[in-house]
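Participant: Can you read through this structure? Questions will come right after.
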Amino acid sequence: MLSCPICQMPLQAVDNGVACPANHRFDRARQGYLNLLPVQHKNSRDPGDNAAMVEARRRFLDGGHYAPLAARLAQLAAGYMPQHWLDIGCGEGYYTAQIAEALPEADGYALDISREAVKRACKRAPQLNWLIASMARVPLADASCQLLASVFSPLDWQEAKRLLAPGGGLLRMGPTREHLMELRQKLYDEVRDYDDQKHLELIPPGMHLAHSETLSFTLLLDTPEARADLLAMTPHGWRASAERRAAVIAENFEVTVAIRYDWIERDAS
Ligand SMILES: C[S@@+](CC[C@H](N)C(=O)[O-])C[C@H]1O[C@@H](n2cnc3c(N)ncnc32)[C@H](O)[C@@H]1O
């Protein structure tokens, strides 16, 4: 399944890591993940989400606020019965671990470009193959996955298509235009409209949308910690003014959670 991020040849297990026939070698970290992001493929020293964002997301998700979203995601994933699956941009692994639980017989992979995220994620489900890697150069073989998950994460569509076996699909979970509306109204004078269909225009030839559904509910944010963490795990944490953020943290409020799931299939032939 794994391919060398430098020369694309297959990687084989060696003592405490993996290596390719050209002898590019990658050690396994103490926590169990593999770092398959060569320094020449990094745009910054510590790419991806930083420790503060990852910790905020972990606390918020472990608080159960988004539990219904993860439950439906895992249920959908289980229905597609993949043998090999990959979560692209897995973050600190909350959703990944629930997909893994729903697919106990499958071979699961998860990657993120953030070391801080993967370091924490691999503790949630040590049986999975956790990788520090870029979504733009995924170190997995062509047509090797029957299911890719992309949850609130950026995606390289050509890479997704390359990785999918014919008939396999991408399970994408992302916000609808109503998502966190009340929070956005508190943070900004003018709430930017969000086109929640835009990603569909990016579907490359050879893939097609096969299923879409939405899930929404009202969430009471009744602790300052939950409100601060929700801000810190989203771009609102740095985009909104300090004054507006402080006001949001100060008082309880209800917010709409509104998500869409899309299943985008690779054509069978
Ligand atoms: C909004 S977070 C979502 C994390 C997780 N899926 C979740 O919903 O909890 C987006 C994630 O994408 C990762 N990311 C950003 N650019 C990436 C890239 N080029 N390759 C892989 N991961 C990337 C970030 O490090 C971050 O963990």
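The values are calculated or read from the model by the stated rules, or taken from the named source; none is laboratory data. As the structure is a prediction and not an experimental result, all values here were calculated from the model. Don't worry about glycine lacking a Cβ; one is built from the backbone with ideal geometry, like all the others, and counts go over all protein chains shown. All accessible areas refer to the heavy atoms of the entire protein, side chains included, with ligands and DNA or RNA removed. Shrake-Rupley method; radii C 1.70, N 1.55, O 1.52, S 1.80 Å.
Participant: Take the residues in the stretch 98-111 that are open to solvent by 20 Å² or more (accessible area, probe 1.4 Å) and not in a loop (DSSP other than H, G, I, E, B); name whichever of them is farthest from the ligand (Cβ to nearest atom). Outline the logic, then answer.
Facilitator: Pass one, the stretch 98-111, residues open to solvent by 20 Å² or more (accessible area, probe 1.4 Å): 98, 101-102, 104-107.
Narrowing further to those that are not in a loop (DSSP other than H, G, I, E, B): 98, 101-102, 107.
Working: 98: 11, 101: 16, 102: 16, 107: 19 Å.
Selected residue: 107.
Participant: Here is a further query. State which residue pairs qualify: first residue at pLDDT 95 or above and inside the stretch 141-166, second residue among the aromatic types (Phe, Trp, Tyr) and surrounded by fewer than 20 Cβ atoms within 10 Å (Cβ to Cβ) in any location, beta carbons under 6 Å apart, and separation of 6 or more residues or different chains.
Facilitator: 147/80
Participant: Over 18 Å from the mean Cα position of the chain (by Cα) and aromatic (Phe, Trp, Tyr): which single residue out of 152, 217 fits that description? Step through it out loud before you land on a result.
Facilitator: Working: 152 fails: over 18 Å from the mean Cα position of the chain (by Cα).
Answer to the check: 217.
Participant: Related question: Which numbered condition trips up residue 215, out of (1) in contact with a Leu (Cβ under 7 Å, 6 or more places away or on another chain); (2) open to solvent by less than 20 Å² (accessible area, probe 1.4 Å)?
Facilitator: (2) is the only condition that residue 215 fails.
Participant: Specify the residue that is most open to solvent (accessible area, probe 1.4 Å); the eligible residues are those in the stretch 148-167 that are hydrophobic (A, V, I, L, M, F, W, C) and within 15 Å of the ligand (Cβ to nearest atom). Break it down stepwise before answering.
Facilitator: Here is the first cut: in the stretch 148-167, the ones hydrophobic (A, V, I, L, M, F, W, C) are 148-149, 151-152, 155, 157, 160, 163-165.
Filter once more, keeping what is within 15 Å of the ligand (Cβ to nearest atom): 148-149, 151-152, 155, 157, 160, 163.
On the way: 148: 0, 149: 0, 151: 12, 152: 88, 155: 36, 157: 28, 160: 1, 163: 0 Å².
Once the filter is applied, the top-ranked residue is 152.
Yes/no matrix, rows are residues, columns are (1) of a type in the set (Phe, Trp, Tyr); (2) surrounded by 16 or more Cβ atoms within 10 Å (Cβ to Cβ); (3) at pLDDT below 95:
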{"residue": "54", "(1), (2), (3)": "no, yes, no"}
{"residue": "71", "(1), (2), (3)": "no, no, no"}
{"residue": "82", "(1), (2), (3)": "no, yes, no"}
{"residue": "85", "(1), (2), (3)": "yes, yes, no"}
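Participant: Checking residue 62 against (1) in contact with a Pro (Cβ under 6 Å, 6 or more places away or on another chain); (2) closer than 17 Å to residue 230 by Cβ: exactly one of these is not met. Which one?
Facilitator: The one condition residue 62 does not meet is (1).
Participant: Here's a follow-up. Taking the stretch 126-135 as the search range and keeping residues that are open to solvent by less than 50 Å² (accessible area, probe 1.4 Å) and assigned to a loop (DSSP other than H, G, I, E, B), which one is nearest to residue 158 (Cα to Cα)?
Facilitator: Looking at residues that are open to solvent by less than 50 Å² (accessible area, probe 1.4 Å) and assigned to a loop (DSSP other than H, G, I, E, B), I get 133.
Participant: Please identify the pairs in which a residue from the stretch 65-76 that is among the charged types (D, E, K, R) has its Cβ atom under 7 Å from the Cβ atom of a residue that is open to solvent by 20 Å² or more (accessible area, probe 1.4 Å), counting only partners at least 6 apart or on another chain.
Facilitator: Close Cβ pairs (under 7 Å, with a partner that is open to solvent by 20 Å² or more (accessible area, probe 1.4 Å)) amount to 72/215.
Participant: Could you check, for the stretch 189-198, whether at least one of its residues is of a type in the set (Ser, Thr, Tyr) and farther than 23 Å from residue 75 by Cβ?
Facilitator: Kept after step one, since they are of a type in the set (Ser, Thr, Tyr), are these residues of the stretch 189-198: 194.
Now restrict to residues that are farther than 23 Å from residue 75 by Cβ: 194.
Yes.
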